[in-house]
Amino acid sequence: MKMALVIMLCVLDTCSGLWDSECQMNSGEKCENDPGKFVVESNKICPSPITAGSTLSAFWSGTFLSAQNITSIKLKVYYSSVLVKTVNSQFEGFYEENEYENFEIHFEIPSYSPSGEYTILSGLINSEDEQINCWESYITITN
């Protein structure tokens, strides 16, 4: 089974429209193996509830603990503990130590996606191809 994801990235200053919709607040946690170079301070997933065929938007905000040149965002999507998709989305930006930043990602959930629990692991990748954080979000898709 494959789950197609279309991902768009933008800084919240230019794409803030979904912050006002029905959302699931703080829908995740730091992974056990989080490298800890970017600290997620808040996140939300919209819409809530999520249905097959809809567009899911994930937002997170946090602080860089060291200067980082970010080149991509990496996502791994699991369904019933099985990896169904890995996505590396190109993104360029340099961030200073202690800089606070907002990120937004959009997923198109295919209409044929099975109902159930999904786990999304996400992280920022720097210019040295190092994942600098790990965030684990949980969603339920219904048909």
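Taken together, the values in this text are just the output of simple stated rules run on the coordinates, not laboratory data. On a predicted model such as this, the values are computed, not experimentally measured, just so you know.
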In order through segment 57-71: 3J(HN,Hα) via Karplus (6.51 cos²θ - 1.76 cosθ + 1.60), integer Hz, x for Gly, Pro: 10, 10, 10, 8, 10, x, 10, 7, 8, 8, 4, 9, 9, 8, 10
Computed over all unlike Cα pairs, the Kirkwood hydrodynamic radius of the chain in Å stands at 15.3
What are the ³J(HN,Hα) couplings of segment 114-123, residue after residue, when phi is run through the Karplus curve with 6.51, -1.76, 1.60 and θ = phi - 60°? Round to Hz, x for glycine and proline. x, 5, x, 8, 10, 10, 10, 9, 10, x
Taking Lys37 as the anchor, which aspartates and glutamates have their alpha carbon closer than 19 Å to its alpha carbon, excluding any fewer than eight residues away along the same chain? Glu29, Glu92, Glu96, Glu97, Glu99, Glu101, Glu104, Glu128, Asp129, Glu130, Glu136
Under 5 Å between amide hydrogens, which residues at least 5 positions from Phe38 or on another chain qualify, with H placed 1.01 Å from N in the peptide plane? Leu65
Expressed as a whole number of Å, what is the distance separating the alpha-carbon centroids of segment 34-55 and segment 72-143? 8
Rounded to the nearest 5, the percent of DSSP beta bridges in the chain running antiparallel is 95
Taking H as built 1.01 Å from N, whose amide H comes closer than 5 Å to the amide H of Phe107, not counting residues under 5 places away? Leu56, Ser57, Ala58
